[in-house]
Structure formats: C-alpha cells, structure tokens
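Take a look at the structure set out below.
The values are calculated or read from the model by the stated rules, or taken from the named source; none is laboratory data. This one's a predicted model, so the numbers in the text were calculated from it and none came from an experiment. Glycine gets a Cβ as well: all are built from the backbone with ideal geometry, and neighbour counts include every protein chain shown.
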Amino acid sequence: MWARVSEIFVAAWMAMSPFLFGHFPSDRARWWNDLVAAAAILLVSTLSLWPPLRRLHLVNVAVAAWLIGFGWLAGGHPAPPASQNEILTGLVLLLFAIVPNDASRPPRGWRRTD
Amino acid sequence: MRAGRNDANGGWQDSDLDVPAPPFDRNPSAWSQRVPVSVLAALGALIAAYMALYQWDRIGGVWDPVFGAGSESVLDSQVASRLDRWLRVPDAAFGAWGYLSEAVLGLAGSTRRWQFRPWMVVLFGIDVIPLGGASAVLVVLQGFVVGSWCLPCLVTAAISIALIFFAWDEVWASVAFLYRVWKRTRSARVVWRTFWGVGSPEAAAVALERS
C-alpha cells in the first residue's frame, strides 16, 4: 500500500510543478504534459487499490518512462529546471511503480486462502 | 482451520515470515539487516543531494574540511559537465536517485522475500552490488582524472561499498533458493515462476526442507 500512497504524493508534486517551476502560459506542451501525467498517476494508483485491478500500478512504469523521455528530449542541454524536474520525478516514480500493493505480505499464490 | 486451496503451495501466513534462510542460520531479509541498509542509503542520497544543490547553483560552496576547494573543482569538472550533457541533470542528482533506489528496494517486500519475491531481491542485488560497486570505483577514478579530491564524494563511495557487505547474503540466499528449486524440479518453468513470486507445491517443498 505504501508504494501506492507514495505514487499519489508524486502525482500531487507533478500537479504543483507547473506553478512551482513557473511554466510560461505559452508553453502549452509542458503544462499539458505535467498536468496529464499527474492525473494519470493519480487515476492509476487509486484504481490499483481495488483488488481486481491490483496490477494496474505497472502502468505507472510507462508514465515514468514518458516523463523521463519527455523531460530529456524537450529539455535539451542545458535542461531548464522544469525538464530536470520531469526527469527526476519520472525516475522516482519508477521506483514505486514496480512495488506490488501487498509487498509486505506473502504473494497471493503462496498464501493461505481460507 | 479449514484448508485453503493454496495449502499445497505452503499456505503461508503473515506469522511465518521471520525464518532463517539457508545456507545461513539467520534471516538476511530481517528488518534488523534491511533497515540499516535503507538508513545508510538514505544518508548517501542526502549527501549526494547536497552536492547536487551546489551543481544547481542553489548554494555557493561545498563543505569539505579535508580537500577544501577540491570538492568544488570535482563538481565543476569537465567530467561532471559531460555527464550533465548526457543525463540532463547534474551527476550528483542522478547519484542521489541511485541511493534512493537502494533505500526503496531495501524496504520493499516481507522478511521472507528471499523466498516469496526473488525478483525483488535480485533487482536490489543488481542495484547494490554491480551498479553500486561500479559507481564507487568511478567516483574514486574521477579523483585521478580531475586531479582533485572531494570528501563528500568519497564518503558516498564508502557508503556504496558498505552497502555491498550488508546486502550480499540476502541475494545469496535468494539465488540459493532458486538453485534448490532447479535441482529438485529441473524445470525452467517452475524456476521462472518462483522467481516472479508464483507459488507451487514443488517450490513450497524446497522452502520447507531443512538444509
């Protein structure tokens, strides 16, 4: 569960990022990228708390890869803080996205089911 | 208690988690071992983040009581700026993420993850042993290339090496478990499924035998 909660904090961070890093109003791609990523993470993490969709958090691996790729390609060199934030936030999301919901318990296939 | 359908796979409960992992007579997945790993890795992440603040120009200097301005010339070096061009982020920020990954992978999983989730232990092992070890060697080599030394960098390299000593036995126990599953079944499919945390009667029998 803690991995999903951490992902929701990452989503909150991405939602604040356009304001914290002061994206220009004209920079629509970056605004959309950060806000859509935040919404996607929030949706995926919340839905994967429902047992039938417990593996859905793996979609966050793709969101993380997207954030890293977008930040890297759109950032260029030297990358502006907003792009560095996308890369580093994507890397952090990647760490949580691979952790299963019930990581502190035996996996279902090993567990007593009565 | 009524038997569940997974009892052939061992039917483990949350109370069965803290057991010794052969070939050791201790549990290398115990919190007593993994919490220090994560605390040490988090300390490495903090030191690296401090150096990243300098590379981001958020602070004007780096505290180094031994090499003085050496730290700053390492962090401002050609090597560091070339890494920045590739990574798009300062190398110290990437290093901080590396230590954070060791802390998170150190905390993830139960105290019997060497049996239940070998993929997690192996990933943690790859992160700490070859990657952590290589990064420590590169940090030391950077000192020779740049011609200056950096105390915070050397402290993080020492943390990387210390983490290897804390982490190796858990990885060994997990790989040894997979090897015993292979010896018993000679089935790549069972070993593959065990690696990914799928229980089976064969793997349960291996886990229950004393060696």
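Of the residues making up the stretch B:72-81, one or more are of a type in the set (Gly, Ala, Ser) and either within 14 Å of chain A (Cβ to nearest Cβ) or touching a Pro at 6+ places or on another chain (Cβ under 8 Å) (or both).
For the stretch B:139-178, a residue qualifies if it is within 23 Å of B:TRP114 (Cβ to Cβ) and either touching a Cys at 6+ places or on another chain (Cβ under 9 Å) or not hydrophobic (A, V, I, L, M, F, W, C) (or both), and the qualifying residues are B:SER160, B:ASP169, B:GLU170, B:SER174.
Within the stretch B:113-146, the set of residues being surrounded by fewer than 17 Cβ atoms within 10 Å (Cβ to Cβ), within 18 Å of B:SER77 (Cβ to Cβ) and in contact (Cβ under 8 Å) with a residue 60 or more places away in the chain comprises B:VAL145 only. For A:PHE19, are the conditions met, namely being out of contact with any strand residue (DSSP E or B) (no Cβ under 9 Å at 6 or more places or on another chain) and either assigned to a loop (DSSP other than H, G, I, E, B) or within 11 Å of another protein chain (Cβ to nearest Cβ) (or both)? When the stated conditions are applied, A:PHE19 does not pass them. If you go through the stretch B:99-139 and pick out every residue that is in contact with a Leu (Cβ under 7 Å, 6 or more places away or on another chain) and not hydrophobic (A, V, I, L, M, F, W, C), you end up with 8. If you filter the stretch A:46-60 down to residues that are surrounded by 15 or more Cβ atoms within 10 Å (Cβ to Cβ) and either closer than 20 Å to B:GLY109 by Cβ or not hydroxyl-bearing (Ser, Thr, Tyr) (or both), you find that the one that is farthest from the other protein chains (Cβ to nearest Cβ) is A:LEU47. Among the residues making up the stretch B:196-211, those that are in contact (Cβ under 8 Å) with a residue 60 or more places away in the chain and surrounded by fewer than 16 Cβ atoms within 10 Å (Cβ to Cβ) are B:TRP196, B:PRO201, B:LEU208, B:ARG210, B:SER211.
Pull up the stretch B:164-211, narrow it to residues that are away from chain A (no Cβ under 14 Å) and of a type in the set (Phe, Trp, Tyr), then point me to the one that is farthest from B:GLY98 (Cα to Cα). Within the stretch B:164-211, the match that is farthest from B:GLY98 (Cα to Cα) is B:TRP182. Residues that are hydroxyl-bearing (Ser, Thr, Tyr) and part of a loop (DSSP other than H, G, I, E, B) were ranked within the stretch B:90-130; the one that is farthest from the other protein chains (Cβ to nearest Cβ) is B:THR111. Checking each residue in the stretch A:62-78 for being within 18 Å of A:TRP13 (Cβ to Cβ) and surrounded by fewer than 22 Cβ atoms within 10 Å (Cβ to Cβ) picks out A:ALA65, A:TRP66, A:ILE68, A:PHE70, A:GLY75. Quick check on the stretch A:64-114: of everything there that is at the interface with chain B (Cβ under 7 Å from one of its Cβ atoms) and of a type in the set (D, E, K, R), which residue is farthest from A:PHE19 (Cα to Cα)? Once the filter is applied, the top-ranked residue is A:ASP114. Collect the residues in the stretch B:95-105 that are more than 23 Å from A:GLY109 (Cα to Cα) and in contact with an Asp or Glu (Cβ under 9 Å, 6 or more places away or on another chain), keeping them in residue-number order. Within the stretch B:95-105, B:GLY98, B:SER101, B:GLU102 qualify. In a residue-by-residue description of the stretch A:93-105, the property of being modelled with pLDDT under 95, buried (at least 19 other Cβ atoms within 10 Å of the Cβ) and assigned to a helix (DSSP H, G or I) applies to no position. Taken across the stretch A:28-45, residues that are among the hydrophobic types (A, V, I, L, M, F, W, C), more than 14 Å from chain B (Cβ to nearest Cβ) and closer than 23 Å to B:VAL122 by Cβ do not occur at all.
Matching residues to (1) farther than 16 Å from B:GLY147 by Cβ; (2) in contact (Cβ under 8 Å) with a residue 24 or more places away in the chain:
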| position | (1), (2) |
| --- | --- |
| B:ALA48 | yes, yes |
| B:SER73 | no, yes |
| B:SER81 | no, no |
| B:TRP86 | yes, no |
| B:ALA92 | yes, yes |
